[in-house]
Amino acid sequence: MHALQDGTRWMLRLDDGEDVFDTLSRFAEANGIRAAAIAFGIGMFRRATVGYWDGSQYRTHELAVPHEVVGLHGTIARADDRPSVHLHVALAGPDHRIVGGHLMNATVGVLQEILLETFPGHTFGRPMVETFGLRMLDLEPGAHP
């Protein structure tokens with residue numbers, strides 16, 4: 001991975017074969033990033049799994065052929081005292097059809113370009129919300145009763 005910082009923004013380039021979640025988590029940990037928004041991402045995944053939340057569980061779909069990333073966005077927070085990366089994606093396949101949803105896992109094919117906006121001095125949380133059975137973004141952990 002290559003990274004360039006300008007103030008609170010980072011431009012990242014993930015390279016062929018890198019695991020998206022592992023790479024972003026290690027980057028956040030190494031740079032002390034505890035609150036961030038992934039504004040956009042473009043590139044390619046050689047493999048990916050996307051999910052659709054049906055109200056009680058994720059229905060997953062594995063993409064075994066390379067897909068072009070036409071949109072990637074999400075957040076980085078903290079959960080269980082480690083980085084928690086939450087991503088959604090739109091992918092175009094060889095038939096030019098778009099598939100998308102919650103990104104469960106992905107391996108970069110060729111490259112992935114990502115713009116990350118950080119919130120220095122803040123920590124976003126991602127506690128489990130039992131009502132929904134999901135970890136949800138908390139912009140001010142500890143501020144709510």
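The values are calculated or read from the model by the stated rules, or taken from the named source; none is laboratory data. Note that the coordinates shown come from a computational prediction; the quantities given were computed from them, not determined experimentally. Here the Cβ positions follow ideal geometry from the backbone for every residue, glycine too, while neighbour counts run over all protein chains shown.
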For this session: Report, by residue number, each residue of segment 32-56 that is of a type outside the set (D, E, K, R) and free of Cβ contacts under 8 Å to residues at least 40 places away in the same chain.
Result: 32, 55
Problem set entry | Residue in segment 113-134 that is nearest to residue 2 (Cα to Cα), counting only those that are surrounded by fewer than 13 Cβ atoms within 10 Å (Cβ to Cβ) and β-branched (Val, Ile, Thr) | 129
Problem set entry | Residue among 32, 43 that alone is over 13 Å from the mean Cα position of the chain (by Cα), closer than 17 Å to residue 10 by Cα and not in a strand (DSSP E or B) | 32
Problem set entry | Restricting segment 16-39 to residues that are surrounded by 14 or more Cβ atoms within 10 Å (Cβ to Cβ) and touching a Leu at 6+ places or on another chain (Cβ under 6 Å), the residue that is farthest from residue 106 (Cα to Cα) | 36
Problem set entry | Where a residue in segment 94-115 is farther than 16 Å from residue 53 by Cβ and of a type in the set (Gly, Ala, Ser) and its partner, wherever it lies, is part of a strand (DSSP E or B) and at pLDDT 95 or above, with Cβ under 6 Å and at least six apart | 106/45; 106/48; 109/44; 109/45; 109/46
Seminar exercise, completed: Restricted to segment 1-15 and to residues being closer than 11 Å to residue 113 by Cα and in contact (Cβ under 8 Å) with a residue 40 or more places away in the chain, the residue surrounded by the most Cβ atoms within 10 Å (Cβ to Cβ) is 14
Seminar exercise, completed: Those residues of segment 46-89 that are over 12 Å from the mean Cα position of the chain (by Cα), surrounded by fewer than 21 Cβ atoms within 10 Å (Cβ to Cβ) and of a type in the set (Val, Ile, Thr) come to a total of 4
